[in-house]
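Some notes on the structure that comes next.
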Amino acid sequence: MTEQALNDQDPQQEQAEGQNDALEELRREKDSLQDRLLRTAAEFDNYRKRVERERRDLADFMKADILTEILPIVDNFERAIQAPSADGDSLRKGVELIHKQMLDFLRKRGVTPIEALGTDFDPNFHQAVIHESTPFHREGEVIEELQRGYMLGDKLLRPAMVKVAKAA
């Protein structure tokens with residue numbers, strides 16, 4: 001081959017080698033990005049599992065805490081049941097004590113009773129069970145609370161079941 005032919009071949013060969021180098025660099029970059037993607041996906045999966053485990057552990061802890069506080073109330077019920085009583089006075093005192101403990105327990109957790117008696121009926125807080133005609137009360141007034149309702153902060157736990165006055 002002539003010297004001119006060799007010089008013409010060198011640029012073509014250099015160009016082909018440059019393209020191979022660029023192609024190899026792109027393959028390495030692709031492999032690196034794919035590896036990073038797989039590692040990130042695995043890290044996220046581990047994070048998700050850890051958060052779920054921590055949530056379950058917290059829920060179990062909260063249940064145990066609440067149940068531990070309920071146990072003395074159960075103990076008092078058992079004492080009230082086992083107490084020898086000729087009169088109902090000691091039984092009543094035992095039940096009143098338990099009632100007070102339950103109300104204290106609920107109050108500590110932010111549970112408050114809904115004051116219904118004498119207020120105007122509000123379907124957001126009251127469940128009307130009975131409507132009674134009466135000339136002594138205004139229309140829509142709650143005249144009897146059949147079952148107390150409760151709030152947890154500003155969230156309704158249970159509406160109060162009430163008797164509501166209607167026009168006579």
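The values are calculated or read from the model by the stated rules, or taken from the named source; none is laboratory data. If you're wondering where the values come from, they're calculated on a predicted model, not measured in any experiment. We place every Cβ from the backbone using ideal geometry, glycine too, and count neighbours over all the protein chains shown.
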| task | Being in a loop (DSSP other than H, G, I, E, B) and of a type outside the set (Phe, Trp, Tyr) is the filter; apply it to the range 116-132 and report the residue that is farthest from Val162 (Cα to Cα). | result | Asn124
| query | In the set Phe125, Phe136, which member is of a type in the set (Phe, Trp, Tyr), within 25 Å of Arg109 (Cα to Cα) and out of contact with any Lys or Arg (no Cβ under 9 Å at 6 or more places or on another chain)? | reply | Phe125
| remark: Flagged pairs (Cβ under 7 angstrom, 6 or more apart or on separate chains; first in the range 90-106, closer than 24 Å to Met151 by Cα; second not hydrophobic (A, V, I, L, M, F, W, C)) are Leu97/Asn76; Ile98/Asn76; Gln101/Pro72; Gln101/Asn76; Phe105/Glu69
| request: Could you please let me know if Glu96 is in contact with a helix residue (DSSP H, G or I) (Cβ under 8 Å, 6 or more places away or on another chain) and either in the same structural domain as Lys155 (by TED's automatic domain parsing) or of a type in the set (Asp, Glu) (or both)? | output: no
| request: Residue by residue through the range 136-160, note down the ones that are loosely packed, with under 13 Cβ neighbours inside 10 Å, within 20 Å of Met102 (Cβ to Cβ) and of a type in the set (Lys, Arg). | output: Lys155
| query | What pairs come up if the first residue lies in the range 117-146 and is in the same structural domain as Met161 (by TED's automatic domain parsing), the second is surrounded by 12 or more Cβ atoms within 10 Å (Cβ to Cβ) and among the aromatic types (Phe, Trp, Tyr), and their beta carbons are under 6 Å apart, counting only those six or more places apart or on different chains? | reply | Gly140/Phe121; Val142/Phe121
| Taking the range 94-111 on its own, how many of its residues are in a helix (DSSP H, G or I) and in contact with a Phe, Trp or Tyr (Cβ under 9 Å, 6 or more places away or on another chain)? | 4
